[in-house]
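Novice: Encoded as structure tokens, here's the structure I'll be asking about.
Read the figures in this text as sums done on the coordinates, not as results from a lab. Just so you know, these numbers come straight off a predicted model, no measurement behind them. Cβ placement follows ideal geometry from the backbone for every residue including glycine, while neighbour counts extend to all protein chains displayed.
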Amino acid sequence: MIFEDLIYKTKLFFHFVKFALKYWQTVGGLEQAKKEKMKERFIVPKLGKKNYDLIIIGCGPAGLAAAIYAARQKLDFCVISKDIGGQTNINTYPIENYLGYHYITGVELEQKFEEHLKDFNVDIKSEEIKKIAQIKNGFNIATSSSMYFTKALLVASGRVNQTLNVPGELDFQGRGVSFCAHCDGPLFKNKVVAVIGGGRSGLDSASQLVNLASKVYLVELSGEIKHLGPTMEYVKNNPKIEILTKTKPLEISGDQVVRGITVSQNGKERKMNVDAVFVNIGYKPSTEFLKGVVKMNERDEIIIDKNNHTSISGIFAAGDCTVIGEKQVSVAAGEGAQAFIAASEYLTRLKGKNKEIVAKVYGTRQESGL
Ligand SMILES: Cc1cc2nc3c(=O)[nH]c(=O)nc-3n(C[C@H](O)[C@H](O)[C@H](O)COP(=O)(O)OP(=O)(O)OC[C@H]3O[C@@H](n4cnc5c(N)ncnc54)[C@H](O)[C@@H]3O)c2cc1C
């Protein structure tokens, strides 16, 4: 009898363990699946997230201008950026077209921006934005190290120029290698320059530079100049422009400054004496993290309306990452200020304080068809 009772109790115990195991696996599995799903949309528990009214992405001229406006309004905001200064920081050439400064390098101008920012206690986080997701009442932001929630977002992430990756290109940046004819062309008056790239931006550069330089080499990798239209006709018919097709840059050389470029033309090596090399083989907007969230054009530039609204209510964009025609410091700073004003109006609208502003904001969005 005692023996039978023992067997019965042992069986009961094993049944219980089996049941407990199964329960643990099922609930545990469900929990795991739930966690995975949360991770996917990165809806993490509120405790792990920092909340703001506005997050500004990028610390180039556009983001910095927006940050100064936001700080003066004492908004609950932060700036998240990989660096401070953006493209101005890699520009050792003088900038002669920024109001108030006759002659200042990009790096010096960036230092001025930073000094100005120090007057306000701006919270700048040195992180890289990885992903953005729209959720109820705002946006979740995943960076290289943190999670954030914000009611509104101002994207000023700029762009990066495509590079040739040939010897000398990096060493001579700011000493003869340039990515911007608008910006640096006037420094090479009556000099010989080479423009790399026979697409739209290369042709634009060549047509601008030819008015300043004594000679322009236009170097194109393929067998023809691709961009059609009046600029091409102008470039083709200009005796000061020599077009080199099927030509690949091999090396940029010089001493203190650029003195020459070696190319492979139809398989033969040729060295030309030049004072500057303008690299115009395209650029890449830094908008990867917003893909599938807001509307972009075929070049991955963010589409905005005249008041810097994107296709998603609550996301605003400014500067070189957008479709604006001219990519310049003064344009980016102006756009940053304008985008902030739009974002601030949006936040006011969220608080339901000003019905007139609501109407205005919707008006501009509808006008632009976004
Ligand atoms: C060599 C050179 C010379 C130039 N010369 C002139 C000139 O003489 N005059 C002139 O007016 N303009 C000039 N320009 C152009 C001018 O610098 C740009 O138009 C201007 O910097 C654009 O400002 P922005 O704020 O829109 O973007 P950017 O300056 O590109 O700044 C973008 C910011 O976003 C950040 N960012 C990007 N992706 C992420 C991410 N995933 N996570 C976090 N942060 C991110 C970057 O770190 C950076 O801080 C020059 C540009 C170059 C490259």
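Novice: Using the Kyte-Doolittle scale, find the helices of the chain whose mean hydropathy is at least 0.5 and whose Cα atoms extend 27 Å or more along the helix's long axis, counting only whole DSSP H runs. It would help to have the intermediate numbers written out before the result.
Specialist: Working: long enough: 2-40 (56 Å, -0.32); 329-350 (31 Å, 0.67).
TM-like helix candidates: 329-350.
Novice: Taking just the alpha-carbon atoms of the chain, what radius of gyration and Dmax come out, in angstrom?
Specialist: Over the chain's Cα set, Rg and Dmax evaluate to 28.1, 115 Å.
Novice: Please compute the contact order of the stretch 110-179 in relative form: average sequence separation of alpha-carbon pairs under 8 Å and at least six residues apart, divided by the residue count, as a percent.
Specialist: Values: 45 pairs, mean separation 11.1, N = 70.
Answer for the stretch 110-179 is 16 percent.
Novice: Using 7 Å Cα-to-Cβ label points, what is the LYS351/GLN111 separation (nm, one decimal)?
Specialist: That separation, rounded to one decimal, is 3.9 nm.
Novice: Greater than 30 Å separation of Cα atoms is the criterion. Which listed pairs, LYS189/LYS306; LYS226/LYS268; LYS125/LYS248; LYS82/LYS291; LYS215/LYS291, meet it? Let's see the in-between values first.
Specialist: Numbers: LYS189/LYS306 36 Å; LYS226/LYS268 23 Å; LYS125/LYS248 41 Å; LYS82/LYS291 19 Å; LYS215/LYS291 42 Å.
Long pairs (Cα-Cα over 30 Å): LYS189/LYS306; LYS125/LYS248; LYS215/LYS291.
Novice: Follow-up. Ranked highest first by average number of other Cβ atoms within 10 Å, how do 66-72, 297-303, 126-132, 192-198 line up? Could the numbers behind the result be given before it?
Specialist: Details: 66-72: 22.0, 297-303: 15.0, 126-132: 17.3, 192-198: 26.6.
So the peptides 66-72, 297-303, 126-132, 192-198, ranked by packing, come out 192-198, 66-72, 126-132, 297-303.
Novice: Now for a separate question. Once phi is turned into ³J(HN,Hα) by the Karplus curve 6.51 cos²θ - 1.76 cosθ + 1.60 with θ = phi - 60°, what whole-Hz value does each residue of the stretch 276-289 show in order, with x for glycine and proline?
Specialist: In residue order, the calculated couplings are 8, 10, 9, 8, 10, 9, x, 8, 10, x, 7, 10, 3, 5 Hz.
Novice: Using a 7 Å offset from the Cα along the Cα-to-Cβ direction at both LEU212 and LYS236, what is the distance between the two label points in nm, to one decimal?
Specialist: Calculated label separation equals 2.7 nm.
Novice: Expressed as a rounded percentage, what relative contact order does the chain have, with Cα pairs under 8 Å and six or more residues apart?
Specialist: Values: 716 pairs, mean separation 62.3, N = 370.
Across the chain, relative contact order equals 17 percent.
Novice: List the cysteines in the chain whose Cβ has no other cysteine Cβ under 4.7 Å from it.
Specialist: When partners are defined as cysteine Cβ atoms under 4.7 Å apart, the chain leaves CYS59, CYS78, CYS321 without one.
Novice: While we're looking at this one, here's another question. Run the simple label-point estimate for ARG259 and THR163 please: 7 Å along Cα→C-beta, distance reported in nm.
Specialist: About 2.3 nm separates the two model spin labels.
Novice: Could you give the length gained by full extension between PHE120 and ARG72, i.e. 0.36 nm per residue of separation minus their alpha carbon distance, to one decimal place? Could you put the intermediate results ahead of the total?
Specialist: Numbers: separation 48, 0.36 × 48 = 17.28 nm, distance 0.76 nm.
Result for the pair: 16.5 nm of gain on full extension.
Novice: Kindly give Rg over Rh for the stretch 104-218, based on alpha-carbon atoms, with the Kirkwood expression for the hydrodynamic radius. Intermediate results must be reported in sequence, preceding the final value.
Specialist: Values: Rg = 20.2 Å, Rh = 18.1 Å.
With Rg and the Kirkwood Rh in hand, the quotient comes to 1.12.
Novice: Taking H placed 1.01 Å from N in the peptide plane, check which residues at least 5 places from VAL323 or on another chain put their amide H under 5 Å from its amide H.
Specialist: ILE302, ILE304
Novice: Using R₀ = 56 Å, calculate the FRET efficiency as 1/(1 + (r/R₀)^6) where r is the Cβ-Cβ separation of LYS189 and LEU21; round to 0.05.
Specialist: Working: r = 82 Å, r/R0 = 1.47.
For LYS189 and LEU21, the calculated efficiency is 0.10.
Novice: Hey, another quick one. State, as an integer percentage, the relative contact order of the stretch 177-279 based on alpha-carbon contacts under 8 Å between residues 6 or more apart. Mind dumping the intermediate values first?
Specialist: Values: 224 pairs, mean separation 31.9, N = 103.
Across the stretch 177-279, relative contact order equals 31 percent.
Novice: From the phi of every residue in the stretch 173-188, what ³J(HN,Hα) in whole Hz does the Karplus formula 6.51 cos²θ - 1.76 cosθ + 1.60 yield, where θ is phi - 60° and glycine or proline is x?
Specialist: 5, x, 10, x, 9, 9, 10, 8, 5, 3, 6, 10, x, x, 6, 10
Novice: Using r as the Cβ-Cβ distance of ARG200 and SER145, and R0 as 51 Å, what FRET efficiency do you calculate, to the nearest 0.05? Mind showing how you got there, number by number?
Specialist: Values: r = 39 Å, r/R0 = 0.76.
Here the calculated transfer efficiency is 0.85.
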